[in-house]
Every structure is written in C-alpha cells, then in structure tokens.
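The values are calculated or read from the model by the stated rules, or taken from the named source; none is laboratory data. Here the structure is a predicted model, which means the values were calculated and not measured. Neighbour counts run over all protein chains shown; Cβ positions are idealised from the backbone, glycine included. Accessible surface is based on the protein model in full, side chains and every heavy atom, while ligands, DNA and RNA are left aside. Shrake-Rupley method; radii C 1.70, N 1.55, O 1.52, S 1.80 Å.
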Amino acid sequence: MLLTADIGNTNIVLALLDEKDRVVSQCRVPSGEPLPPEAYDDAIRRVLEGQAAPEGAVIGSVVPRLTEETARAIRSVTGLEALVVGPTTPAGLDIAIEQPETLGVDLLAAAAAAEYPLPVVVFDFGTATTVTVVDADRRYRGGVILAGVKLSLHALFSGTAQLPDIALEAPGKVICSVTEDSLQAGAIYGAAAMADGLLDRMEEELGAPCTAVATGGLSGVITPYCRRDIRRDDSLLLRGLALIWRKNRGNR
C-alpha cells in the first residue's frame with residue numbers, strides 16, 4: 001500500500017493505492033484556507049481506516065504552505081517520512097524544456113503516469129487547466145496553462161454587475177437566447193472546443209496523432225462534449241506520484 005497526497009489549489013486529495021496502483025480509499029480536504037492540524041491528521045486516518053498499513057508515502061504539491069503540513073500529518077499518523085516530489089525528482093522522463101526547475105509537480109506527475117500509447121496529451125481540468133505533452137520518445141515537451149473553467153467564470157462574475165452565478169451544466173445547444181444558458185454554453189462547450197483545438201494544433205507540431213487523456217475535477221463535465229476522443233482518467237495524477245515514488249524509493 002502507498003499513501004499519496006495530491007495537493008492542488010482547491011483540494012488535497014489523499015488516497016491509498018494498492019500494489020497495482022488502484023485507489024483503495026480516498027479523502028478530500030479543502031486547500032483554499034488553513035485548517036487546524038488535526039483536520040489533516042483526521043483525514044489521513046479516514047483514508048487508512050480498515051486498510052493495511054502503507055509501506056510508503058508520497059506528496060505532490062502546488063501549494064507550498066501545505067506541503068510541510070501534510071508531511072507532518074503523515075509523519076504523525078503513520079510514522080512515515082513522505083517523499084516530497086519536486087521538479088527535478090527523477091520520474092522516468094527526459095524533461096526536454098528550457099527551464100526544468102520551473103516544472104510544476106502536477107505536470108510532472110501527469111506526464112509520468114502517461115502509460116498510454118505515445119505521444120500523449122494530458123488535459124488536467126482543475127483550478128487551472130493544464131495540458132501536458134509527452135512525445136514518442138517519452139520526452140516531456142511542455143504544454144499549455146490557462147485559467148480553469150470555474151476560475152474563468154469567477155473572473156467574469158466579479159467583473160460584471162448583472163451576470164448570475166450558474167451551475168456547470170451544458171445546455172442543449174450552443175446558440176443560446178437566455179443569459180444563463182449562454183454562460184453555461186460558453187463555459188462547457190468553450191472548454192471542449194479549446195481541448196479539441198489544442199489537440200489538433202499539438203498533433204500538427206508533433207507531426208503525429210496523439211492519445212488524449214483528461215483528468216481533474218471537471219474532466220467529467222467537459223470531455224463528454226469534446227469532438228475528439230479524449231479518455232477520462234480520474235486517478236492519473238495519483239498513479240504518477242506512485243510511479244515517481246517507486247523510481248526513487250531506493251535513493252532515500
């Protein structure tokens with residue numbers, strides 16, 4: 001068993017993975033504001049309840065203030081010293097970008113978990129939408145970062161006086177005559193068209209067709225409306241962290 005912690009801008013996803021990297025149990029903790037230390041300890045106990053003790057732990061974090069807090073909680077509850085993944089942690093990839101030290105850990109984990117036929121493009125629909133590209137030679141080539149769907153809507157609402165807050169549900173058509181439907185169409189069909197369009201352009205640059213995979217909290221909302229075949233894989237980042245942990249366990 002391996003305890004994994006994927007610390008994003010909205011949630012910390014704590015999960016226990018078995019020897020085949022299948023998620024056995026999982027818990028989410030909000031990451032937008034500080035919580036008392038016992039909240040993190042309790043979340044880890046919930047993940048471990050009724051399960052075999054983990055042999056290791058790994059953390060991937062894009063929120064520095066929560067990295068040590070999560071490591072402390074893991075240490076307190078399990079006695080394990082978690083591997084904290086950084087941009088230069090070996091991940092079984094050739095990092096073929098100009099400034100590898102700036103690589104986001106979430107992007108590294110996504111790329112490391114791309115067990116799909118290469119080249120592969122990974123869409124992570126979270127607080128930000130990130131697109132990660134691994135070429136046919138298993139080189140991390142870079143990608144795209146843009147505002148996530150909810151973040152874009154929040155910016156739109158905060159900058160206008162008369163737009164209503166909306167649920168993320170796709171209307172039955174793209175050309176809408178009602179404001180709320182128009183906002184929903186822009187958010188969902190717009191994100192789907194963005195994914196389709198970026199995939200087309202990335203394939204042109206690579207000169208080869210790509211496998212496309214989507215993960216992140218909003219992947220299930222967006223991918224049904226993509227015209228390209230984009231597979232949904234909710235545990236991709238967790239498996240990436242597990243892969244990185246295995247590659248580095250002998251170096252610790």
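Note that the chain presents 49 Å² accessible area per residue, ligands and nucleic acids not counted, probe 1.4 Å.
Where only DSSP H runs of four or more residues are counted, the chain gives -11500 deg cm²/dmol as its mean residue ellipticity at 222 nm, each run worth -39500 (n - 2.57). The portion of the accessible surface of the chain made up by carbon and sulfur, rounded to a whole percent, is 50 (1.4 Å probe; DNA, RNA and ligands excluded). Per the Debye calculation on the stretch 26-98 with a single equal scatterer at every Cα and no solvent contribution, log₁₀ I(q)/I(0) for q = 0.14 Å⁻¹ amounts to -0.51. Listed by chain and number, the lysines placed with their C-alpha closer than 22 angstrom to that of LYS247 are LYS20; residues fewer than eight positions away on the same chain are left out. Taking a sphere under 12 Å around the Cβ of ASP106 and counting the other residues whose Cβ falls inside, with K and R at +1 and D and E at -1, yields a net charge of -2.
Please give the peptides 201-209, 124-132 ranked by average Cβ packing (other Cβ atoms within 10 Å per residue), highest first, as a rough proxy for protection.
124-132, 201-209
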